[in-house]
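Structure first, commentary second.
Each reported figure results from applying straightforward, stated rules to the coordinates on display, with no laboratory input. Keep in mind that this is a model prediction, so the values were computed, not measured. Neighbour counts run over all protein chains shown; Cβ positions are idealised from the backbone, glycine included.
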Amino acid sequence: MTTKSTKLPGLGKQYDITTRTGRHISVVAHQDGRRFLGFHPEDDPDACLATVQLDREEAGSLAEILAPGESPRLGTCEMEIDLVTVRIPMSGQSPYSGEPLGATQARSRTGASIVAVLRRTGAVPSPTPDFRLEAGDTLVAVGTREGVDELTRIISGT
């Protein structure tokens, strides 16, 4: 069995699985929790015979059926730690437009972390403190609701 994963900037991740018998299955995991299963012919993994859309709960139930007790339930974990992921747009009026990411002091001021920056040219995962922010960027932040709300206010300058 082989497994390959591909990042889909701004969308999520795609996992391609080839079973020991040569069958091809793909899973597109969206950031909002939706999952799409794709089933492909053995002789053409780029063609898709059928797709099935699952919401977060359905995907968790399917995982539990396929491997009982082996897969952690992400929904449960997310509820226990109460984290959210948000996208924060950077306008030209932001006091941090043109400044390095470290100047925001995001984590120390809010407890929220900026885990990626989305640009027209592509995604920048795990940006370093010296990464320069630009108007038009979208910051991807993870933290508590209160933390990311405060970070949004800081970035917008309000």
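Summarising the label geometry, the points placed 7 Å from Cα in the beta-carbon direction at Ser61 and Leu8 lie 2.2 nm from one another. Between the Cα long axis of helix 145-156 and the first principal axis of the chain there is an angle of about 50°, rounded to the nearest 10.
Contact order, relative form, for region 2-73: 18 percent (alpha carbon pairs under 8 Å, 6 or more residues apart, mean separation divided by residue count).
Panel order for Val52, Val27, Val117, by other beta carbons found within 10 Å of each beta carbon, from fewest to most: Val52, Val27, Val117. Note: relative contact order over the chain, using C-alpha pairs below 8 Å and six or more positions apart, is 17 percent.
With a ≥ b ≥ c taken as the square roots of the eigenvalues of the C-alpha gyration tensor of region 2-73, please select rounded if a/c is under 1.5 and otherwise prolate if a/b is larger than b/c or oblate if it is not? Judged from the Cα gyration tensor, region 2-73 comes out oblate (a/c at least 1.5, b/c at or above a/b).
Helix 56-66: angle to the longest alpha-carbon principal axis of the chain, degrees 0 to 90, nearest 10? Long axis of 56-66 versus the principal axis of the chain: about 40 degrees. Between Ser126 and Glu146, the simple label model (points 7 Å from Cα in the Cβ direction) yields a spacing of 3.0 nm. Ordering Ile17, Ile114 by the number of other Cβ atoms within 10 Å of each residue's own Cβ, fewest first, gives Ile17, Ile114.
The calculated FRET efficiency for Thr18 paired with Gln105, based on their beta-carbon distance and R0 = 30 Å, is about 0.10. For the chain, the convex hull spanned by the alpha carbon atoms encloses 138 Å³ per residue.
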